[in-house]
Amino acid sequence: MSGRPALRPAARADNLRALLPRRTLKSSWRPALVVAATAALAAGAAGCGNATEAGTADLVNGKKLFAGDGQCGACHTLQRAGTKGTQGPNLDEAFANARENGFGNSVIEGVVRDQISHPRRNSIMKPDLVTGNDARDVAAYVGEAAGNPGKDGGLLATVGVQDTSNASTAAKGGKLTIPAVAAGLAFQFGKATAPAGKLTIEMPNPASVQHDIALKPPGKGKGPTVGKGGTSSFTTTLKAGTYEYYCSVPGHEQGGMKGTLTVK
Ligand code: HEC
């Protein structure tokens, strides 16, 4: 801390909000703002990381919510959580600049917390997707993870989106079951095989985000969009060849919710 007086944690968060009005953060952190904020916060924010609430936050819960039920990952890419959503800003990119300029986790955490309660009016990001301790945990996790490349370790490594792109399944008795994952934008299998002929494809959805399953090329079939506990399914007739299955909810295919079906 090189002899500068540290701000009290609460004062620090308040200062930040005043210094970095949310609407200026929409695309990325502007250098001018960062300079202003750095001058005021240098001692507190840069070095001694998790001074706000991260100390008591449950990062595992935060990551789980980010990638799953909190729905953040359906719209945002965050490398450490394994999410690839594209409808909202890539959070690694959004905060990379802030990190380069020496801001610590607690600063990013404060911005995320604020965004959760106060998204832009009419934003597709609804306010209070997570609240109370859950909001604290999500913000603390993003504060640690955003713009901080690498892999989560320990218990944190066991939650978040798993890479299912190489997991495969095969049709049985004319039916192919490809469930969605519970957390994130992916199917439980990134590869599937089926014999040529009539085939029913079904996708049970255990996630709180709505999903469906459809086939490309277009016109090969598409199931209804279903919420948690529902199953999207359709029956089609396929010739030998390679098809893509994907979720047609906007942003989901781009976010990684797709796979390859080989029909022989
Ligand atoms: C339906 C899509 C959607 C969901 C779900 C969503 N967001 Fe967003 N988010 C956006 C969009 C779009 C923006 C751009 C700014 C705005 O509209 O407010 C944004 C902006 C942000 C920002 C500011 C980034 C910047 O560059 O300033 C943060 C931080 C953020 N979201 C975090 C979250 C967290 C945490 C969650 C989960 C609790 C979440 N978002 C859920 C769409 C989403």
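Of all residues in the range 90-142, those satisfying the criterion of being in a loop (DSSP other than H, G, I, E, B) and more than 6 Å from the ligand (Cβ to nearest atom) are Asn90, Asn101, Gly102, Phe103, Gly104, His118, Arg121, Asn122, Lys126, Pro127, Asp128, Thr131.
The set of residues from the range 101-159 being over 15 Å from Gly62 (Cα atoms) and among the β-branched types (Val, Ile, Thr) comprises Val107, Val111, Ile124. Restrict the check to the range 85-108 and report whether at least one residue is in contact with a Cys (Cβ under 9 Å, 6 or more places away or on another chain), of a type in the set (Ser, Thr, Tyr), surrounded by fewer than 21 Cβ atoms within 10 Å (Cβ to Cβ) and not assigned by TED's automatic domain parsing to the domain that holds Gly256. Taking every residue of the range 85-108 in turn, at least one turns out to be in contact with a Cys (Cβ under 9 Å, 6 or more places away or on another chain), of a type in the set (Ser, Thr, Tyr), surrounded by fewer than 21 Cβ atoms within 10 Å (Cβ to Cβ) and not assigned by TED's automatic domain parsing to the domain that holds Gly256. Within the range 204-244, the set of residues being in contact (Cβ under 8 Å) with a residue 40 or more places away in the chain and of a type outside the set (Val, Ile, Thr) comprises Ala207, Ser208, His211, Leu215, Leu238, Lys239, Ala240. Being within 16 Å of the ligand (Cβ to nearest atom), modelled with pLDDT under 90 and either closer than 30 Å to Asn101 by Cβ or crowded, with 21+ Cβ neighbours inside 10 Å (or both) is a property that does not hold for Gly147.
So that you can scan it fast, the table gives a plain yes or no per residue for (1) within 16 Å of the ligand (Cβ to nearest atom); (2) closer than 24 Å to Gln71 by Cβ; (3) buried (at least 18 other Cβ atoms within 10 Å of the Cβ):
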| site | (1), (2), (3) |
| --- | --- |
| Gly197 | no, no, no |
| Glu202 | no, yes, no |
| Gly227 | yes, yes, no |
| Tyr243 | no, no, yes |
| Glu253 | yes, yes, yes |
| Lys264 | no, no, no |
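The values are calculated or read from the model by the stated rules, or taken from the named source; none is laboratory data. Bear in mind that the values here come from a model prediction, so they are computed numbers and not experimental data. Using ideal geometry, Cβ is built from the backbone for each residue, glycine included, and neighbour counts are taken over all protein chains shown.
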